[in-house]
Each structure stands twice: as structure tokens, then as C-alpha cells.
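Notes follow the structure.
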Amino acid sequence: MKKIGILLLALVFGGLTFASFVNTTTPPKATEIFLPLGNNHTVSLKDLSQMKVKEYELLSGKHLNIFQKISFKLSQRKLRKAISADNTVNTQKISNMMAGRDFTDGFNGGWFALGILTGLIGVLLSYIIPGAEEVRKNRQKWAWLGLGVVVAIVLLALIL
């Protein structure tokens, strides 16, 4: 009985010694993060997300071809989505974008093709496979669009 009392007392005091941690750091602001651009130029993240291609070419000193311009505009769009209305930056989205694995928006060819080739099975697979909420929603959207294309083609074939 004495051992149970000591164990119970140890558990009570042990439970009281756990500290809670509250993250009080605020996310960084897009106007406070500066990136080097070209020779002796720095640009805030907010300015970079709203900059025109010609301005970027002037500041960086590089001429962009058509594919680089398209890539620049797409990257700007992703950057704008990572900046909220109060100018705070979603660092998780930025790190995903920098790692080249941002699957939260944009065309997802694999799931679109799966929706076309397997139909409803591809759509069901997009719901079954786990993942982050934004990635899963994008996956489901493109699987449904692939199935929609198949249905539209079948309907057109039946009408004509």
C-alpha cells in the first residue's frame, strides 16, 4: 500500500512539473524581408510579388526570354498567395515553393490523367489517399476535372 501511495504522489507531482509552451513569435512581414536582386539592389518580398517583368529586368540586369517571363509571373502568383492580407508571410508555403514541392494549387497532370483513364476509380482514390488538406483538395479537383472531360466526350459522342 505504501508503494502505491508513493507512486500516486510521484505521478501527481510529475504531472505538475510539465511546462506548457506557447509560441509567441509573430510571422514575419513581407515588407520586412529583403532579397538581393542584381548589383547593389535589394527588394522586399511584397515589392517582388507586385513587380512587373520590365522592372525586374532593369533591377537584375538580365533579359528574360518568354519562358523565363512566364515562370517569373507564375512564381509571383505563388508568392502573392503566400502573403496574407495583413502582410504576414506563410513560411510553410514559401518553404514548399522553394523546395519545388508546392502541390496546393495549379495543374496536377497525374491526377487529371488518372481521372481521365480510370474515371470514378481515380476520383475515389483521390479521396482515399491521405495528405495535407490543401494538397488533397487540389488532387480531388483535378481528378474530378479528368472525369468531367471523359463525361463531356461521351456526351458529345452520343449527341453527334
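The values are calculated or read from the model by the stated rules, or taken from the named source; none is laboratory data. Please read these numbers as outputs of a predicted model, since none were measured by experiment. FYI the Cβ positions are ideal-geometry reconstructions off the backbone, even for glycines, and counts take in every protein chain you see.
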Filter segment 12-35 for residues that are under 24 Å from the mean Cα position of the chain (by Cα) and loosely packed, with under 10 Cβ neighbours inside 10 Å; the one that is modelled with the highest pLDDT is Thr26
Mind checking which residues of segment 61-80 are at pLDDT below 85 and surrounded by 15 or more Cβ atoms within 10 Å (Cβ to Cβ)?
Lys78, Leu79
Just give me the residues in segment 132-160 being β-branched (Val, Ile, Thr) and either surrounded by fewer than 16 Cβ atoms within 10 Å (Cβ to Cβ) or not in a helix (DSSP H, G or I) (or both), in sequence order.
Val149, Val151, Ile153, Val154, Ile159
Output the qualifying pairs, or none if there are none: Cβ atoms under 9 angstrom, residues six or more apart or on different chains, first residue in segment 87-112 and outside any strand (DSSP E or B), second residue at pLDDT below 75 and of a type in the set (Phe, Trp, Tyr).
Asn96/Phe103
